[in-house]
């Protein structure tokens, strides 16, 4: 389902005259750091829209690790670097630092991507509230959390899961 949505977003962005990236880091129920990535762009009729792209798992909490995750998402949707005109994050030094922050790394690759500090930036809370508005989505994430907890409570279960995934291979390329 995510792949279908992402393909739709890619097609919209291909036709868009500009795109902006919005990102925020949060910790999920398993205490794993996640980065929420959202794209803002214009539709063919000129209407601006925001589209949830997905969650990524940065390997570290430093600016370079977070910027690399954002760049991976950008590379999937932004064919022309000059189309990225804005990047928006919270005001932490890791995100907004002029010389070594995420915004500096992104602007090296995307020269037009001006940093816009988002004072009301609580994207992770918005995503959390949005998922809680729909009972089916709430049940899905609850079940997903239960599955995660089931495996995390036992090193033996984790080992069996890892072995099973290794044998089957991965269907996903993230």
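The values are calculated or read from the model by the stated rules, or taken from the named source; none is laboratory data. Remember, predicted model here, so these are calculated numbers, not experimental data. Cβ sites come from the backbone with ideal geometry, for glycine too, and all protein chains shown count toward neighbours.
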* Flag if residue 26 is touching a helix residue (DSSP H, G or I) at 6+ places or on another chain (Cβ under 8 Å), modelled with pLDDT under 90 and not assigned by the TED database to the domain that holds residue 141 -> yes
* Which of the residues spanning the stretch 29-44 are closer than 12 Å to residue 16 by Cα and at pLDDT below 90? -> 44
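Taking the stretch 148-174, which residues are surrounded by 11 or more Cβ atoms within 10 Å (Cβ to Cβ) and at pLDDT 80 or above? Break it down into steps so the answer makes sense when it comes.
Step one: of the stretch 148-174, the residues surrounded by 11 or more Cβ atoms within 10 Å (Cβ to Cβ) are 148-152, 154, 157-162.
If the condition is that a residue be surrounded by 11 or more Cβ atoms within 10 Å (Cβ to Cβ) and at pLDDT 80 or above, then 150, 151, 154, 157, 158, 159, 160, 161, 162 are the ones that fit.
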* Residue among 87, 103 that is in a strand (DSSP E or B), touching a strand residue (DSSP E or B) at 6+ places or on another chain (Cβ under 9 Å), crowded, with 19+ Cβ neighbours inside 10 Å and outside the structural domain of residue 141 (by the TED database) -> 87
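Just the residues that are in a helix (DSSP H, G or I), surrounded by fewer than 19 Cβ atoms within 10 Å (Cβ to Cβ) and in contact (Cβ under 8 Å) with a residue 40 or more places away in the chain, please, taken from the stretch 44-83.
Correct list: 64, 76.
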* State whether one or more residues within the stretch 17-37 are touching a strand residue (DSSP E or B) at 6+ places or on another chain (Cβ under 7 Å), more than 21 Å from residue 109 (Cα to Cα) and not in a strand (DSSP E or B). => yes
